[in-house]
Amino acid sequence: MDNEIVTTSNTTKCLNCGNEFDGKFCPKCGQKAATGRFTMKFLMQNLLMGIFGNDGGIWFTLKKLFTHPGTMVKEILDGKRKSYFSPFPMLFCALAFYILLFTLTGTVDDTRVDLHGEDFVISLNKYNYILSSNQLSRFLDAYWNHYTTSTLLTLPLIVVAARACFGKKNRKRYYWAEYCVPIVYAMVLTTLFRCLTCIVFTFAPEVALFLKLFTWVIMAVSIAFCFRKMAEMSFIKSFWRSLLTMLLYHTMILFLIIIGVIVVAKIQGSVIIDA
Ligand SMILES: [Zn+2]
């Protein structure tokens with residue numbers, strides 16, 4: 001008897017979650033009712049839709065990110081999600097593109113921070129920690145030469161800094177995770193700026209290395225633009241807070257690097273116990 005009902009009605013069994021339903025989309029998981037096999041045509045359509053589609057396509061999102069970043073972030077936070085390419089996948093695409101360009105253009109990126117000075121000594125409790133300037137340079141180099149990756153790996157610190165700098169009103173209004181949206185989109189813009197420096201490198205390496213010095217400024221400007229609408233601030237005010245965010249974030253990084261150097265010194269046994 002049950003069998004008869006299934007065959008006479010128009011219900012479809014969802015191939016994704018097994019739910020039986022009537023309609024074009026599964027109400028339980030959202031998958032399309034008509035799921036054919038993978039064909040070349042389907043793959044091409046899928047790829048083109050992902051890039052050029054007006055509904056969540058990467059090109060549409062990029063255009064909006066360049067023209068109205070603040071509005072876009074606000075709309076996403078307010079729930080307009082399907083129209084835009086999500087922040088993290090977008091950042092991974094940008095990073096992949098950057099790595100590709102970096103390799104193809106043969107960009108050489110090995111700025112050396114040279115702290116010619118003597119080793120610093122930090123006294124904590126009864127111990128004197130020797131802060132090797134060599135070691136410190138190495139850590140700073142590693143951070144700076146992989147700035148895009150470093151910022152991605154230390155994203156929670158940027159969120160902490162932004163939360164501290166963008167005011168009490170916003171702290172009350174937005175969750176921690178919601179701060180990630182503007183920051184990650186700002187990182188996409190920064191990564192695209194780094195792509196540009198790779199292209200510049202092919203015909204003017206010195207100019208590219210000079211431009212690279214402004215990476216953190218681009219990051220600050222991008223954060224200001226992305227936060228503007230959600231924080232309901234003028235650009236100047238948002239930029240000022242964004243500069244403070246970057247300052248606080250870099251201070252935390254420097255602090256972490258110093259701790260790292262101390263840990264290395266401790267492992268290597270170059271800690272002097274004061275009498
Ligand atoms: Zn389903």
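The values are calculated or read from the model by the stated rules, or taken from the named source; none is laboratory data. For clarity, every value in this text was computed on a predicted model and none was experimentally measured. With ideal geometry, Cβ positions are generated from the backbone for all residues, glycine too; neighbour counts draw on all protein chains shown.
Summary of computed values
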| quantity | calculated |
| --- | --- |
| Residues of segment 193-215 satisfying the condition of being closer than 30 Å to Glu178 by Cβ and surrounded by fewer than 18 Cβ atoms within 10 Å (Cβ to Cβ) | Leu196, Phe214 |
| Test for Thr202: is it assigned to a helix (DSSP H, G or I) and closer than 21 Å to Phe66 by Cα | no |
| So Leu157, is it part of a helix (DSSP H, G or I), farther than 30 Å from Ser234 by Cβ and in the same structural domain as Ser222 (by TED's automatic domain parsing) | no |
| Residue identified as within 16 Å of the ligand (Cβ to nearest atom), farther than 21 Å from Ser222 by Cβ and not β-branched (Val, Ile, Thr) among Gly50, Gly79, Gly56, Gly23 | Gly23 |
| Residues located in segment 74-104, provided they are at pLDDT 90 or above and part of a loop (DSSP other than H, G, I, E, B) | Asp78, Gly79, Lys80, Tyr84, Phe85, Ser86 |
| Residue that is surrounded by the most Cβ atoms within 10 Å (Cβ to Cβ) [pool: residues in segment 225-242 that are within 21 Å of the chain's Cα centre (by Cα) and closer than 22 Å to Lys80 by Cβ] | Phe227 |
| Any hit, segment 32-46, residues being under 27 Å from Tyr175 (Cα atoms) and within 16 Å of the ligand (Cβ to nearest atom) | no |
| Among the candidates Thr67, Thr12, Thr103, Thr107, residue that is within 16 Å of the ligand (Cβ to nearest atom) and of a type in the set (Ser, Thr, Tyr) | Thr12 |
| Selection within segment 131-147 - among the polar types (S, T, N, Q) and touching a residue at least 60 places away in the same chain (Cβ under 8 Å) | Ser132, Gln135 |
| Single condition Met90 does not satisfy, out of (1) more than 16 Å from the ligand (Cβ to nearest atom); (2) free of Cβ contacts under 8 Å to residues at least 40 places away in the same chain; (3) more than 28 Å from Asp141 (Cβ to Cβ) | (2) |
